[in-house]
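Here the structure is laid out as structure tokens; the discussion comes afterwards.
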Amino acid sequence: MSTVLEQLRKARITAFMKGDKIRLRGQQLPPEIVEFARRNKAQLMADLAEEEAAHEYLKCPKCGILDYEPLGDRRRRCYGCGNEWVLM
């Protein structure tokens, strides 16, 4: 069974958390999609939190952003601050 987040992505809707609120982004946000997200807010927040936690180890240890250049041999360079690190 697919998660609420997967179902929104199939509809080409991006969802993200801002505090305790869910933000939706897409070319079109039909009312039924908005209502679906509203009805499933708790599960959607859980899906987003789980996904964020899965990517936590990839974030730059210096500035915390998830935007890096792979350098090979598990080394990364942060596009934001230039920090280099090795994934453990």
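Just checking, does the stretch 21-42 include any residue being in contact (Cβ under 8 Å) with a residue 40 or more places away in the chain and either out of contact with any Leu (no Cβ under 7 Å at 6 or more places or on another chain) or not charged (D, E, K, R) (or both)?
Looking through the stretch 21-42, none of the residues is in contact (Cβ under 8 Å) with a residue 40 or more places away in the chain and either out of contact with any Leu (no Cβ under 7 Å at 6 or more places or on another chain) or not charged (D, E, K, R) (or both).
Do you know which residues across the stretch 51-86 are out of contact with any helix residue (DSSP H, G or I) (no Cβ under 9 Å at 6 or more places or on another chain) and either in contact (Cβ under 8 Å) with a residue 24 or more places away in the chain or in a helix (DSSP H, G or I) (or both)?
Glu52, Ala53, Ala54, His55, Glu56, Tyr57, Leu58, Cys60, Pro61, Trp85
Consider Glu84 against the criteria (1) at positive phi; (2) surrounded by 11 or more Cβ atoms within 10 Å (Cβ to Cβ); (3) acidic (Asp, Glu): it satisfies all of them except one. Which criterion is unmet?
Unmet condition: (1).
Taking the stretch 1-54 on its own, how many of its residues are under 30 Å from Arg74 (Cβ atoms) and loosely packed, with under 10 Cβ neighbours inside 10 Å?
The total comes to 2.
Please determine whether any residue of the stretch 22-35 is modelled with pLDDT under 90, acidic (Asp, Glu) and out of contact with any Lys or Arg (no Cβ under 8 Å at 6 or more places or on another chain).
No, there is no match, as no residue in the stretch 22-35 is modelled with pLDDT under 90, acidic (Asp, Glu) and out of contact with any Lys or Arg (no Cβ under 8 Å at 6 or more places or on another chain).
The values are calculated or read from the model by the stated rules, or taken from the named source; none is laboratory data. Note that the structure is predicted; figures quoted are calculated from it, not measured. Neighbour counts run over all protein chains shown; Cβ positions are idealised from the backbone, glycine included.
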